[in-house]
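Heads up: the structure comes next, in structure tokens.
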Amino acid sequence: MWATAVGVARVRALETERENALFRDPLAQAFAAAGGMWPASPPLPDDEAARRRRLAVAFSIVIRTKFLDDLLQQAAASGVRQVVLLGAGMDSRAFRMDWPEGTRLFEVDTAAPLDFKASVLRQERAIARCERITVAVDLREDWPGALAAAGHDPSVPTAWIAEGLLIYLPEDAVELLLARIGAQSAAGSRMGLTLGSRGVIERFGADAVPGSAASMWLSEMPDDPVGWLAGHGWEAESHTLRERAVAYGRPISTPPQREERPGGLISAVRR
């Protein structure tokens, strides 16, 4: 997972260099450059099919980043002043987005990536644009308790982000995570999720290199993600990557492989 987080930073760094970038992440290049301190990634296959898969994954990271940026801006505009990034990795939203006064942003991840990130932030002399609180805890443990100890207030609305996370968890762990999020969410809370679309493990994971990100993918989204989240107390909307790419002026040129199913970009509100 460490190498995966640095890989995401590399994608964001490349997007930042584009003239028509969908977002700017000035710290991404620093995280990517420092990534040599992290465990080495497995060698990448160099055949055309593998290259196309890597491009597709990179494209999805760019679109999902923009999607979740917009969701957080909308949450802030609605008055939400608590943000929780679950499995925060090299996320730099605390530093690169404009936050209303009084915003508190919690980054939840294990100690190793948070320590690595802290060293890069010190080196870059990065200054957060909101109150940033790191919570070093494994999501398989009592992270709600650790979050509460760090100052999270479940009685007021929270914006939750689980970006590129749920696909690495078995289905029972996904259900537990959603239940725990719901228990900490006051009415008016927002949630942004990225889910593995149906068939993605078959397409990307079947011949994935051992140790690569795709080789660790475990769960795909349910057939009815909106209904699934309604069962957890959330009013959700599902968006496909293709839909969002068109909206952002980055249409996908290839036709759909099959009839478009519900998408893996989820925005939800707690009622």
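The values are calculated or read from the model by the stated rules, or taken from the named source; none is laboratory data. Only a predicted model underlies this, so the values are computations on that prediction, with no experimental measurement involved. Please note: Cβ atoms are built from the backbone with ideal geometry, for glycine as well, and neighbour counts cover all protein chains shown. SASA here: full protein model, heavy atoms, side chains in, ligands and nucleic acids out. Shrake-Rupley method; radii C 1.70, N 1.55, O 1.52, S 1.80 Å.
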Simple spin-label estimate for Asp138 and Leu176 in nanometres, 7 Å along Cα-Cβ | 1.1 nm
Report, by chain and number, residues whose modeled amide H sits under 5 Å from the one on Glu163, excluding near sequence neighbours (fewer than 5 apart, same chain).
-> Leu86
Compute the distance in nm between two label points, each set 7 Å from the Cα along the Cα-to-Cβ direction, one at Arg52 and one at Glu19.
-> 2.9 nm
Excluding ligands, DNA and RNA, the carbon-plus-sulfur percentage of the accessible area of segment 103-185 with a 1.4 Å probe reads 50 percent
Of 227-239, 119-131, ordering from highest average Cβ density within 10 Å down gives 227-239, 119-131
Enclosed volume per residue, in Å³, of the convex hull spanned by Cα atoms of segment 68-146 = 90 Å³
For Val246 and Asp115, extending 7 Å from Cα along the Cα-Cβ vector and measuring point to point gives, in nm, a value of 4.8 nm
How much accessible area per residue does segment 89-160 have, in Å², with a 1.4 Å probe?
-> 46 Å²
